[in-house]
Amino acid sequence: MNPLLSSLLINLDGLSDEEAEDIVFEKYVELYLERGSPPRRMGSKIAHDGTAVLFTESRFDHAFFTSSDKTSRRYRKDVFVRLRGALVAWIGPVIAGQIPGSECWVIPPKNGRQDVRNRPPNRFYLVPEERYVVWLEPAQDGGWWFSSCYVAGLADVKRYCRIGRRIWAQKISRD
């Protein structure tokens, strides 16, 4: 594992799911939200190419929860995912292009969405060694909205890369 990423892991061992969720939420607020009051806090970070990435309090559940019933209620988001939570501090360095070997891809919007023809592509950052992805959605002003982050399955990473186009890669130093 990359030493910087390793140093950013949050240890959630020995905590209940509720305690772990509280700690991760506090870290998310500390790292990514700087203005407003609950439940409408917002913040921004800068991506590798200088564009703004906006974060909202409301995306926390989408990013760090999954469905307890992926068959009939796959979009429910009712179970906290400890692994996603432990990686909360990875988002900023990944989108800023600070992680050697990381990549940025553009992905066409899903066919099921309205206005798919007029919608700009989504962006995802990938740390291939970890299969860690950060998804961004286009904002109307040309920036991005943080959407989600997780460790993806190998088949998913291959599919994303097959349908997408890599637009940037952080070189790995040979030193």
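The values are calculated or read from the model by the stated rules, or taken from the named source; none is laboratory data. Model, not experiment: these values are computed from the prediction. With ideal geometry, Cβ positions are generated from the backbone for all residues, glycine too; neighbour counts draw on all protein chains shown. With ligands, DNA and RNA removed, areas are computed over all heavy atoms of the protein, side chains included. Shrake-Rupley method; radii C 1.70, N 1.55, O 1.52, S 1.80 Å.
Taking the range 26-64 as the range and being assigned to a helix (DSSP H, G or I), modelled with pLDDT of 95 or more and surrounded by fewer than 18 Cβ atoms within 10 Å (Cβ to Cβ) as the test, the residues that pass are 26, 27, 29, 30, 31. All told, residue 155 meets the bar of being small (Gly, Ala, Ser), open to solvent by 40 Å² or more (accessible area, probe 1.4 Å) and at pLDDT 95 or above.
Are any residues in the range 1-25 open to solvent by 60 Å² or more (accessible area, probe 1.4 Å) and either within 16 Å of residue 136 (Cβ to Cβ) or part of a loop (DSSP other than H, G, I, E, B) (or both), and if so, which ones?
Hits for the range 1-25 are 1, 9, 11, 13, 14.
Please state which one of 123, 131 is open to solvent by 60 Å² or more (accessible area, probe 1.4 Å), under 14 Å from the mean Cα position of the chain (by Cα) and at pLDDT 95 or above. It is 131. Against the conditions (1) surrounded by 17 or more Cβ atoms within 10 Å (Cβ to Cβ); (2) assigned to a loop (DSSP other than H, G, I, E, B); (3) touching a residue at least 40 places away in the same chain (Cβ under 8 Å), residue 109 satisfies every one except (3). Applying the selection to the range 144-175, what residues are within 19 Å of residue 108 (Cβ to Cβ) and part of a loop (DSSP other than H, G, I, E, B)? Within the range 144-175, 152, 164 qualify.
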